[in-house]
Amino acid sequence: MRKPLLYRLGISFPLFLVLLASLCAGATPRTAGPANFSPIKNGVYTNQFWGIAFLTGPPQKPGNIVASAMLCSDGIVYFSVPIQVGVYGFIWSLPNGWAILSGQGTNRIQVQLRANTFGVISVYAPNELGDSPPATLAWPSDMGPAIGNTVTGEQEVCAGATASLLTGGIPAGGPYTYRWERSTAGSSSGYTPAAGVNNSKDYSPGALAVTIWFRRKIITTDGCEAASNTVKVAVSAPPIKPSIVREGNTLTSSVAGASYQWILNGNNLSATTKELVIAASGSYQVRVVSEKGCLSAISNPQQFNLQPTGIKSDSEWKAFHLVPNPSGGRVGLETDRPWFKAELMVIDAMGKVIYKEFFQSISTKEEIDLGNLPIGSYSVQIRSGEAMISRRLLIAR
């Protein structure tokens with residue numbers, strides 16, 4: 001039971017009659033004025049201004065709780081409600097870990113926040129006849145009302161390609177400024193300001209060479225910052241630049257891929273396989289396509305002439321062998337019949353003839369010394385008149 005308050009008032013007789021009539025009707029007189037209270041004892045507050053109010057019940061619910069612009073995590077925030085008459089003051093409650101620095105009992109408090117601790121702020125107003133319903137404010141994040149600071153645009157691109165636009169939501173509250181940041185170290189560390197125009201709602205990453213994580217920070221007028229979620233723009237490396245290996249009239253890309261793009265005299269061919277059987281002489285190139293759709297650089301142009309075989313099939317040359325294969329350098333030529341006035345050529349992966357020898361005749365067994373050649377794959381061709389045969393040789397040591 002609250003103790004009754006004693007009032008010392010100087011009033012005229014007509015005003016006394018009004019007051020007496022109100023008391024007879026059951027109302028309780030209280031002092032009134034702006035809600036700027038000072039506690040005295042036992043939780044009772046006195047008004048600084050004289051006036052008359054008649055209490056017929058507990059105070060109404062306080063107005064909306066408003067936060068100041070200072071919204072930094074671990075920072076200081078002011079919370080306030082509109083002033084009311086006919087109340088002892090305002091009793092505030094905060095989330096665990098927060099501290100009221102000043103203002104408890106008044107309509108405006110100064111609060112020390114605790115990082116990553118969120119909850120509900122509430123306040124009610126008491127008077128002689130009871131307590132008001134509480135007003136509340138949910139505090140959901142360390143930027144308070146800055147809901148909606150999210151970004152989208154996670155994607156995968158080929159190295160050197162331009163990434164699509166990263167789109168940012170419009171955060172509640174504000175006003176804010178924006179700063180996009182990037183990291184090559186991962187999603188949680190190593191962030192620096194992003195290149196180019198990085199202070200807009202959205203961001204264009206441009207052409208990228210490596211995988212990068214992006215986020216957007218919003219900044220209040222007081223310098224407080226809050227980061228959005230992160231988005232990853234993964235960058236896939238293209239296949240390495242290929243070369244063309246020739247064996248007879250068959251060209252082969254030196255680099256494996258998901259598909260291939262063959263080029264003859266600057267024009268794309270329809271072939272998409274690793275090997276190409278040429279039907280015409282000319283300058284050939286190849287480009288490799290990865291499973292991610294990334295393109296390699298185009299190989300250097302190589303001139304290949306269509307070679308006549310002089311035979312209808314390769315069946316009569318099945319007995320032609322290079323032994324041993326792979327070889328350390330000394331290579332034996334074995335055939336089931338002799339060749340006359342034959343020219344032997346060794347061609348590297350770039351299509352360059354690096355060894356040539358002319359034989360008046362090649363018996364069923366001959367030997368050549370290729371010990372000066374680097375490790376790698378080579379094409380060995382023997383031509384005699386209109387007849388030609390080609391075999392692949394691997395130099396390994």
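The values are calculated or read from the model by the stated rules, or taken from the named source; none is laboratory data. Note that this is a predicted model, so its numbers are computed, not measured. Glycine also receives a Cβ, built like all others from the backbone with ideal geometry; neighbour counts cover every protein chain displayed.
What are the residues in segment 220-271 that are closer than 30 Å to Gly174 by Cβ, part of a strand (DSSP E or B) and hydrophobic (A, V, I, L, M, F, W, C), if any? Scanning segment 220-271 gives Ala226, Ala227, Val231, Val233. Residue count for segment 310-328 under the criterion of being part of a loop (DSSP other than H, G, I, E, B) and either at pLDDT 90 or above or exposed (fewer than 12 other Cβ atoms within 10 Å of the Cβ) (or both): the result is 8.
In this entry, Gly223 passes the filter for residues that are on the phi > 0 side of the Ramachandran plot and assigned by TED's automatic domain parsing to the domain that holds Tyr191. Residue check: Phe358 meets all listed conditions (1) assigned to a strand (DSSP E or B); (2) at pLDDT 90 or above but one, namely (2).
The requirement of being touching a residue at least 60 places away in the same chain (Cβ under 8 Å) and either touching a helix residue (DSSP H, G or I) at 6+ places or on another chain (Cβ under 8 Å) or loosely packed, with under 14 Cβ neighbours inside 10 Å (or both) is not satisfied by Thr272.
Looking only at residues of segment 148-183 that are of a type in the set (Asp, Glu) and surrounded by fewer than 18 Cβ atoms within 10 Å (Cβ to Cβ), we find that the one that is nearest to the chain's Cα centre (by Cα) is Glu154. Does any residue of segment 348-355 turn out to be crowded, with 18+ Cβ neighbours inside 10 Å and of a type in the set (Val, Ile, Thr)? Scanning segment 348-355 turns up no residue that is crowded, with 18+ Cβ neighbours inside 10 Å and of a type in the set (Val, Ile, Thr).
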